[in-house]
Amino acid sequence: MKTDVSVQTQTPLLDALQQYSSENILSFDVPGHKKSGKLKALTHFFGEPLLRFDANSMKQLDNLSNPTGVIKEAEDLYAALYQYDEAHFLVNGATVGVQAMILATCRPGDKILVPRNVHKSVINALILSAAEPVYVYPEMHPELGIATTVSFHAIKEAIDENRDAKALFLVHPSYYGLCCELESIAAYAHECGLVVIVDEAHGAHLPFSEELPTNAHYAGADLSTISVHKTGGALTQAAVLLANQNRIDSSRVKGILNMLQTTSASYILMASLDGARRELALFGELYLREVLNLARYTRDTLNEIDGLYVTGKELTQFKEVEDIDETKLVINTIELGLSGFEFYDLLRDEYQVQLELADACNAMALFSIGDTEEGALRLISSVQDLASRFRKKPLSISHRFFDIPDLVLSPREAFYSHTRVLPIVEAAGQISAEILTLYPPGIPIVMPGERITENMIEYLSLLKNENGMLVDLGDPNANLIKVVI
Ligand SMILES: Cc1ncc(COP(=O)(O)O)c(C=O)c1O
């Protein structure tokens, strides 16, 4: 990573917040807790320093809606570090960044190429923007039961068949740490006049090691969003939208962000972005070297356990998988006789070890710059013990896939259609008006506008039996679904 590290030692927003909190300013402003010790429960729980840093926008602290002072300086440091023309702080995670990237690029009716296995924020952005999705289907891994990535060939075909498309949306890396042939895909999309938007929610750490996949900037992205809170060390919800100006209207990106974001952005979140960036710039390479060593050691050791397979670089044997992020350990549990959900629950309930996600065949451990050797050893010994205590007969995985449904209406048309509510088990053949997501990873099983199938209903009942967390339907128990009349 080439950057001027001496500039990156600065923390303009953190400094301004610290200065503000040290001054004896009497507040007749929001927030109503007034930084004081009067509200004992709040102060006791969070500690007095946190309340002192919880400020409202003001002259000395700048304003996220129109940053010209310390927030702008802190954003510019991100732009310099990640080598984009501009950066925008986000206080509603990569979710709001994904939505803003699409809304800033597509007008109603514009076509956007989208892999089918995107995060639900993309589908919600399609509903909001009225952009028309052209779904590109990812390749499936035959044993892991997960999508790998979209291939260059599939994207090229979709671009060639939709020469009027406005934008291409890509996810890099995927939730499972898999990366598509980003550079060649982006180059072809640009050649054909498309804007390249990258959901890099899982990629804030990529620029800090040559041994990690290339980051979207080097592959030519016009817009990218990084969840700094996921792998970059900021607090939960803190993220950054990065933009290059030559194909993008900057004022539109700003305007859309102001439509979507709060007018009361949390300084605690934004200051955490400032601090995380300094830490990454100064120590990122060292931390990532340590993390990669820990993750590789853990992967190799877990792979010695009979019945477990932890994925690694061998996944690049699939042509569409250009690279993998080795900080993600996808643990395939099928041979152990446990579903990913059971493995995930056992590890949590019996060993107090929390993994990032589970699906029908796998559970996944995320390593990041906060991990320690002690933690890795505890994960290893817990999994070794779990595998010896709970081993069963290997599971058959044939019923652990579901066919991706056909798109009948655009997500927006379906969302705004007249609807009725049906038990899901009776909904085969109907067009869904709702999104139904397995969370994590937050990838929709059915989207508004798709036709519900018998095979999907069977898959859902498997997920329910195994305690998969199904979210986003109006019915919190995921028994009922709204369908288009
Ligand atoms: C691929 C992808 N994009 C976007 C998001 C949304 O990120 P956030 O939780 O920071 O809003 C997620 C969240 O898990 C994700 O996995």
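The values are calculated or read from the model by the stated rules, or taken from the named source; none is laboratory data. As the structure is a computational prediction, the values presented were derived from the model and not from experiment. Cβ coordinates were reconstructed from backbone atoms using ideal geometry, including for glycine residues, and neighbour counts include every protein chain displayed. Surface accessibility is based on the protein's heavy atoms, side chains included, excluding ligands, DNA and RNA. Shrake-Rupley method; radii C 1.70, N 1.55, O 1.52, S 1.80 Å.
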(request) Scan the range 95-103 and give yes if some residue there is away from the ligand (no atom under 13 Å from the Cβ), open to solvent by less than 10 Å² (accessible area, probe 1.4 Å) and in contact with a strand residue (DSSP E or B) (Cβ under 7 Å, 6 or more places away or on another chain), otherwise no. (result) no
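Results for (1) part of a helix (DSSP H, G or I); (2) away from the ligand (no atom under 16 Å from the Cβ); (3) open to solvent by 30 Å² or more (accessible area, probe 1.4 Å); (4) over 26 Å from Leu17 (Cα atoms), shown as yes or no for each residue.
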{"site": "Pro49", "(1), (2), (3), (4)": "yes, yes, yes, no"}
{"site": "Ala55", "(1), (2), (3), (4)": "no, yes, no, no"}
{"site": "Asp76", "(1), (2), (3), (4)": "yes, yes, yes, no"}
{"site": "Leu81", "(1), (2), (3), (4)": "yes, yes, no, no"}
{"site": "Ala87", "(1), (2), (3), (4)": "no, no, no, no"}
{"site": "Arg107", "(1), (2), (3), (4)": "no, yes, yes, yes"}
{"site": "Val118", "(1), (2), (3), (4)": "no, no, no, yes"}
(request) Determine the pairs where a residue that is polar (S, T, N, Q), located within the range 379-406, has a partner that is at pLDDT 90 or above and part of a helix (DSSP H, G or I) with Cβ atoms under 6 Å apart, the partner being 6 or more residues away or on another chain. (result) Ser382/Tyr351
(request) Could you list all residues from the range 230-254 that are touching a helix residue (DSSP H, G or I) at 6+ places or on another chain (Cβ under 8 Å) and open to solvent by less than 50 Å² (accessible area, probe 1.4 Å)? (result) Gly232, Ala234, Ala238, Ala239, Val240, Leu241, Leu242, Ala243, Ile248, Val253
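So that you can scan it fast, the table gives a plain yes or no per residue for (1) part of a helix (DSSP H, G or I); (2) touching a Cys at 6+ places or on another chain (Cβ under 6 Å):
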residue: Val134; (1), (2): no, no
residue: Gly145; (1), (2): no, yes
residue: Asp160; (1), (2): yes, no
residue: Asp164; (1), (2): no, no
residue: Tyr175; (1), (2): no, no
(request) Tell me which of these Ile123 doesn't satisfy, since it passes every other one: (1) within 11 Å of the ligand (Cβ to nearest atom); (2) in contact with a helix residue (DSSP H, G or I) (Cβ under 7 Å, 6 or more places away or on another chain); (3) closer than 18 Å to Phe415 by Cα. (result) (1)
(message) Can you find a residue that is open to solvent by 30 Å² or more (accessible area, probe 1.4 Å) and not in a helix (DSSP H, G or I) anywhere in the range 15-24?
(response) yes
(message) Return the residues of the range 42-57 that are within 15 Å of Leu13 (Cβ to Cβ) and among the aromatic types (Phe, Trp, Tyr); say none if nothing qualifies.
(response) Phe53
(request) Among the helices (runs of 4 or more DSSP H) lying completely within the range 366-485, list those that include at least 3 residues that are more than 16 Å from the ligand (Cβ to nearest atom), open to solvent by less than 50 Å² (accessible area, probe 1.4 Å) and within 30 Å of Lys328 (Cβ to Cβ). (result) 373-390, 454-465
(request) Select, from Leu346, Leu355, Leu329, the only residue that is at pLDDT 95 or above, part of a helix (DSSP H, G or I) and open to solvent by less than 50 Å² (accessible area, probe 1.4 Å). (result) Leu346
(request) Output yes when any residue across the range 273-295 is assigned to a loop (DSSP other than H, G, I, E, B) and either of a type in the set (Asp, Glu) or within 15 Å of the ligand (Cβ to nearest atom) (or both), and no when none is. (result) no
(request) Examine the range 348-359 for a residue that is over 28 Å from Ala201 (Cα atoms) and touching a residue at least 12 places away in the same chain (Cβ under 8 Å), and state whether such a residue exists. (result) yes
(message) When you check Glu314 against the structure, is it open to solvent by 10 Å² or more (accessible area, probe 1.4 Å), touching an Asp or Glu at 6+ places or on another chain (Cβ under 6 Å) and over 17 Å from Leu377 (Cα atoms), yes or no?
(response) no
